[in-house]
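J.: Can you read through this structure? Questions will come right after.
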Amino acid sequence: MTRRADDREPTDSHPVRMRLQRESRRRDVAFVLKLTGLACLTQGLAWMFCYIYFGRYELSVVFVGLAGVGVLALYRSKRSDGASLLLVAHGILAVICAISLIDAPIAAVPRSVHLFLLPLAAGAAFTFERRDRYGTLIFPLICLAAFAVFAMGALDALAPNMSPPLEVRAWGARLNAATAMLLVAGIFAIYRIDSGRRLRMERELGRAVRNGEIEVHYQPQVRDSGIVSGAEALVRWRHPSGKLLAPDVFIDLAEESALIGEIGLEVLRQACETLNHWSSVPRTRALRLAVNISPVQLLDGSLVSSVSSIIREAGIDPTLLEFELTESALAADAAAMIERMEVLESTGVSWALDDFGTGYSSLATLRTLPVRKLKIDRRFLAEATRQESAQQLLGKIIEISHVMGMTALAEGVETPDQRELLIGLGCDHFQGYLFAPPMPRPELHAWLDSQRLPLPVG
């Protein structure tokens with residue numbers, strides 16, 4: 001079944017979810033850089049022309065630097081990456097320190113430019129990614145240290161004798177103090193709004209399982225012969241607003257707030273109900289079902305007993321249940337992960353390594369994993385259709401799966417040409433919009449009625 005461009009649902013693979021998050025992050029960074037650029041450019045040009053008007057050309061040069069930082073911020077907003085943020089932040093820090101040195105206090109007017117170091121520190125702490133220790137901690141501390149140095153007048157002896165005219169200094173001090181405090185207030189207001197939105201979503205997500213808002217959609221998996229081998233269970237959240245939310249909106253929050261365990265078990269319950277229904281129909285009795293397991297879940301000591309209880313209550317054949325773990329999850333604690341995987345495997349379930357090729361596992365680690373299937377990340381397939389080297393790499397990954405006695409399944413198959421390419425490389429299991437999009441269980445059953453299914457065993 002070929003997809004239409006307008007019926008695509010959000011994808012669930014971990015790298016694509018990460019890509020969506022990166023795109024959202026890039027938009028936020030681009031907005032911050034553009035806003036910063038416009039502010040610096042406007043302020044720099046305004047003060048530059050002000051000092052030119054007063055004939056203080058040596059002072060106007062300093063604000064050319066501020067305008068230059070503004071231009072740099074606008075230019076780097078096209079890239080919208082952490083390096084751009086860091087470059088612009090250091091540029092602003094340098095300009096503020098240079099102007100603060102000139103802005104030495106005089107009898108009637110206190111120093112005021114150094115106040116802008118406070119919103120710079122707060123903005124950095126809230127804007128850089130939390131994992132960026134330098135941007136969120138060290139750089140803000142540098143700003144606060146510089147603020148303290150200028151507030152105590154430790155560098156006043158180094159101030160050049162080029163103070164602005166008294167009337168300009170007086171108005172500038174008032175304007176700087178008001179603007180800096182408004183910036184600090186604005187930054188904390190934005191942070192409070194974001195935190196409030198996050199807490200509200202966390203509370204709503206905490207009630208989602210109890211309120212029956214967690215839904216499972218299924219995307220079929222097909223063999224090269226055209227026979228459907230099973231499906232992957234994909235989580236959705238039917239938000240109280242009525243919107244159906246894709247995992248990229250809430251999974252990270254669920255993992256950070258420990259709600260992922262409850263949500264994951266609910267997905268497993270619904271998946272086992274589906275398997276139980278399939279087992280009562282001879283035509284679907286041999287279909288397998290794949291369920292994603294979060295690394296946070298896997299490290300939970302109660303997971304094995306919870307999974308065993310759900311399987312037992314559903315009365316399903318555990319050999320028809322497959323758990324998927326993303327390769328990147330092994331970066332945290334591979335030994336602990338493998339131990340828990342082996343315990344779960346002893347219950348009868350099998351394991352698949354999702355998004356293979358995007359994580360950190362070595363071939364040595366791969367050999368120790370209780371994995372029977374490698375799910376090849378869709379990016380390899382997309383690149384293989386454009387580059388000969390990428391096609392060769394894809395072929396090697398498929399070859400590795402064969403050498404290790406594993407099945408290779410390619411995700412993101414969208415065109416007949418991609419399917420033929422994969423078959424030519426030795427891959428014989430597929431998943432993607434070429435065959436079917438993720439769909440609710442009733443739609444899946446209607447779709448299965450028109451498909452070739454495996455013969456039941458026994």
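The values are calculated or read from the model by the stated rules, or taken from the named source; none is laboratory data. These numbers come from a predicted model, not from an experiment. Counting neighbours? That spans all protein chains shown, and the Cβs are built from the backbone with ideal geometry, glycine included.
Residue by residue, here is whether (1) aliphatic (A, V, I, L, M); (2) not in a helix (DSSP H, G or I) holds:
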residue	(1), (2)
SER84	no, no
LEU93	yes, no
ALA104	yes, yes
ALA124	yes, no
ARG130	no, yes
PRO140	no, no
LEU144	yes, no
PHE147	no, no
PRO160	no, yes
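J.: Only one of LEU425, LEU393 is in contact with a Gly (Cβ under 7 Å, 6 or more places away or on another chain) and in contact (Cβ under 8 Å) with a residue 12 or more places away in the chain. Can you tell me which?
T.: LEU425
J.: Hey, does the stretch 23-37 have a residue that's closer than 29 Å to ALA148 by Cα, of a type outside the set (Gly, Ala, Ser) and surrounded by fewer than 16 Cβ atoms within 10 Å (Cβ to Cβ)?
T.: Checking the stretch 23-37: at least one residue is closer than 29 Å to ALA148 by Cα, of a type outside the set (Gly, Ala, Ser) and surrounded by fewer than 16 Cβ atoms within 10 Å (Cβ to Cβ).
J.: State whether one or more residues within the stretch 419-442 are exposed (fewer than 13 other Cβ atoms within 10 Å of the Cβ) and among the hydroxyl-bearing types (Ser, Thr, Tyr).
T.: Taking every residue of the stretch 419-442 in turn, none turns out to be exposed (fewer than 13 other Cβ atoms within 10 Å of the Cβ) and among the hydroxyl-bearing types (Ser, Thr, Tyr).
J.: Okay, next question. Anything in the stretch 402-458 that is more than 25 Å from GLN270 (Cβ to Cβ) and among the basic types (Lys, Arg)? List them, or say none.
T.: ARG419, ARG452
J.: Among (1) of a type in the set (S, T, N, Q); (2) over 18 Å from LYS34 (Cα atoms); (3) surrounded by fewer than 22 Cβ atoms within 10 Å (Cβ to Cβ); (4) in contact (Cβ under 8 Å) with a residue 24 or more places away in the chain, there is one condition SER100 misses while meeting the rest; what is its number?
T.: Every condition holds for SER100 apart from (3).
J.: Kindly indicate the residue of the stretch 365-395 that is part of a helix (DSSP H, G or I) and β-branched (Val, Ile, Thr) and also modelled with the highest pLDDT among those meeting that condition.
T.: THR368
J.: Any residue in the stretch 267-287 that's in the same structural domain as HIS217 (by TED's automatic domain parsing): show its pairings with residues that are part of a loop (DSSP other than H, G, I, E, B) and buried (at least 20 other Cβ atoms within 10 Å of the Cβ) at Cβ separation under 6 Å, as long as the two are six or more apart or on different chains.
T.: Taking only residues 6 or more apart or on different chains, the pairs are CYS272/ILE316; LEU275/ILE316; ASN276/ILE316; TRP278/LEU287.
Residue by residue, here is whether (1) at pLDDT 85 or above; (2) within 32 Å of the chain's Cα centre (by Cα) holds:
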residue	(1), (2)
SER24	no, yes
ARG56	no, no
ARG79	no, yes
ALA89	yes, yes
ALA107	no, no
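J.: Among the residues of the stretch 139-178, what is the count of those that are touching a residue at least 12 places away in the same chain (Cβ under 8 Å) and polar (S, T, N, Q)?
T.: Within the stretch 139-178, residues that are touching a residue at least 12 places away in the same chain (Cβ under 8 Å) and polar (S, T, N, Q) number 2.
J.: To continue, here is another question. Could you identify the single residue in ASP317, ASP354, ASP333 that is modelled with pLDDT under 90, within 29 Å of LEU287 (Cα to Cα) and among the acidic types (Asp, Glu)?
T.: It is ASP354.
J.: In addition: Select, from ALA436, ALA408, the only residue that is assigned to a loop (DSSP other than H, G, I, E, B) and in contact (Cβ under 8 Å) with a residue 24 or more places away in the chain.
T.: Testing whether each residue is assigned to a loop (DSSP other than H, G, I, E, B) and in contact (Cβ under 8 Å) with a residue 24 or more places away in the chain leaves just ALA436.
J.: Considering the stretch 239-265 alone, what residues qualify as being in contact (Cβ under 8 Å) with a residue 40 or more places away in the chain and within 24 Å of TRP447 (Cα to Cα)?
T.: ALA246, PRO247
J.: A follow-up question, please. Regarding VAL216, is this residue out of contact with any Gly (no Cβ under 9 Å at 6 or more places or on another chain), under 30 Å from PRO442 (Cβ atoms), in contact (Cβ under 8 Å) with a residue 40 or more places away in the chain and aliphatic (A, V, I, L, M)?
T.: So VAL216 passes the test.
J.: Continuing with this model, one more query. Right, PRO10: at pLDDT below 85 and under 25 Å from ALA382 (Cα atoms) or not?
T.: Yes.
J.: Looking at the stretch 172-180, is at least one residue surrounded by 13 or more Cβ atoms within 10 Å (Cβ to Cβ), polar (S, T, N, Q) and either over 30 Å from LEU253 (Cβ atoms) or modelled with pLDDT under 80 (or both)?
T.: yes
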